[in-house]
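No lab work stands behind these numbers, since they all come straight from the coordinates. Quick caveat: nothing in here was measured; it's all calculated off a predicted structure. For neighbour counting, all protein chains shown are included, and Cβ atoms are generated from backbone atoms with ideal geometry for every residue, glycine included.
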Amino acid sequence: RGEAVLRRLADFREGGGRGLSASAINTYLDCPLRFYFEYVEQIREEDEVSETIESNTFGSILHKVMEELYAPFRGRMVTADVLKQLRADRALLTGTIARAFAEVFFHTETVRALEGQNFLVGEMIRKYVERTLERDAALAPFRYVDSERAIQALFPLGSGARVQLKGFIDRIDAPASGLRIVDYKTGSGTLVFDTVASLFDRTLADRPKAVFQVFLYAWMYRRQPDYAGGSLQPAIYFTKALFQDPFEPAVQQHVARGKVERVADFSAYEAEFAEALRTCLDELF
């Protein structure tokens, strides 16, 4: 039995057919048994056919809308005026939301006007999108690098063997402060962490999982062929935080009582993060 488990885990090693995602590692830290069932045995709870939008589907639709709206600007500078025009274009937003619903929720190429509860959910998504564009306008001008970027990287274990990591970066942009890795998250959560070790601390009831995820993406992105060096700032857009002032999406470290510092460049945390991740993955394997 043990050998069979090790064979399946070997799929995540260099040359295997699978990769470990941030959510897989977060699951392992939360509950190793659940990780075993979901990612080793690949036993999942059956999806029920749902008439309503689940929170993860809501997030997927919101991601899709933001990706499509920014697609024409990939690799280009984005100004505040352009974002204000985008935000005011009601027909464009309505069509983009309807297309995202068709693809993500209805699984069809047929785009139709939203009705009933779906219309209400669509209007809620519109509010989040408008607010995101408003927040982005305050950040402009910036270069929009990419959306929904699939990334992979090899991470060395203590034994010297390498593990395949994978992920999707929601957004990469470059305001005046430098390159940013941005993750969109529905709901609320924390941007603040105490220490790098706390990102891996299973005893914490509210371990900063979202911060762990963007740190992992930052580590991976620094190893991509198109990464040209320079500072890399991890950021998270929590939907609820979009409506709070001041809006601060940058990840922050708690440095003293009542005092936090923005993570301006991931490289300052990289060595410590890699060491903690290695300890975690050595244990897993």
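Find the Cα radius of gyration of segment 94-172, compare it with 2.2 N^0.38 Å by division, and give the number to two decimals.
Working it through for segment 94-172, the quotient is 1.61.
Order 3-10, 260-267, 214-221, 244-251 from most to least packed using the mean count of other Cβ atoms within 10 Å.
214-221, 260-267, 244-251, 3-10
Hey, what's the Cα Rg ratio for segment 157-196 versus the globular rule of thumb, 2.2 N^0.38 Å?
Rg over 2.2 N^0.38 Å, computed on Cα atoms: 1.70.
First check a/c for segment 237-285, with a ≥ b ≥ c the square roots of the eigenvalues of its C-alpha gyration tensor; if it is under 1.5, answer rounded, and if not, answer prolate when a/b is larger than b/c or oblate otherwise.
prolate
With all pairs of different alpha carbon atoms counted, what Kirkwood hydrodynamic radius in Å does segment 188-285 show?
14.4 Å
With a cut-off of 14 Å, note down the residues of segment 201-237 whose backbone N falls inside the zone around a label point 7 Å from the Cα of D30 toward its beta carbon.
202-213
Lysine pairs, Cα distance under 18 Å, 8 or more residues apart or cross-chain: how many in the chain?
Within the chain, the lysine pair count is 9.
Can you list residues whose amide H is under 5 Å from G167's amide H, if they're 5+ apart or on another chain and H is modeled 1.01 Å from N?
Correct list: I151.
For segment 123-163, what are Rg and Dmax over the alpha carbons, in angstrom?
Reported Rg and Dmax, both Å: 18.6, 52.
Let me check I've understood the local charge: for E275, count other residues with C-beta under 14 angstrom from its C-beta, Lys and Arg +1, Asp and Glu -1. What total comes out?
That works out to -3.
So for the chain: antiparallel DSSP bridges make up what percent, rounded to the nearest 5?
Counting DSSP beta bridges with both partners in the chain, the antiparallel share is about 70 percent.
For a distance above 28 Å, tell me the whole-number percent of Cα pairs in segment 114-246 that qualify.
27 percent
Work out which helices of the chain, taken as complete DSSP H runs, extend at least 24 Å along their axis over the Cα atoms and score a mean Kyte-Doolittle of -0.5 or more, then list them.
Span-like helices in the chain: 116-139, 267-284.
At 4 °C and 1.567 mPa s, grab the translational diffusion coefficient of the chain from Stokes-Einstein with a Kirkwood Rh over Cα pairs, rounded to a whole number in µm² per second.
63 µm²/s
Tally Lys and Arg at +1 and Asp and Glu at -1 over the other residues with C-beta under 12 Å from the C-beta of A153: what net charge comes out?
Neighbourhood net charge equals +3.
Might you report the magnitude of the Cβ-based charge dipole of segment 82-137 about its Cα centre, with Lys and Arg at +1 and Asp and Glu at -1, to the nearest 20 debye?
With Lys and Arg at +1 and Asp and Glu at -1, about 200 debye.
Count charges around Q233 for me, please; just the other residues with Cβ under 9 Å from its Cβ, Lys/Arg as +1, Asp/Glu as -1.
With Lys, Arg at +1 and Asp, Glu at -1, the neighbours total +1.
For segment 1-136, what does the equivalent ellipsoid look like in terms of its semi-axes, each the square root of 5 times an eigenvalue of the Cα gyration tensor, given largest first in whole Å?
Calculated on Cα positions only, the semi-axes equal 38, 20, 13 Å.
Measuring from label point to label point, each 7 Å out along Cα→Cβ, what is the D245 to R257 span in nm?
About 3.1 nm, to one decimal.
Give me the number: length gained by fully extending A205 to A138, i.e. 0.36 nm times residue separation minus the C-alpha to C-alpha distance, one decimal in nm.
The span from A205 to A138 would gain 20.7 nm if fully extended.
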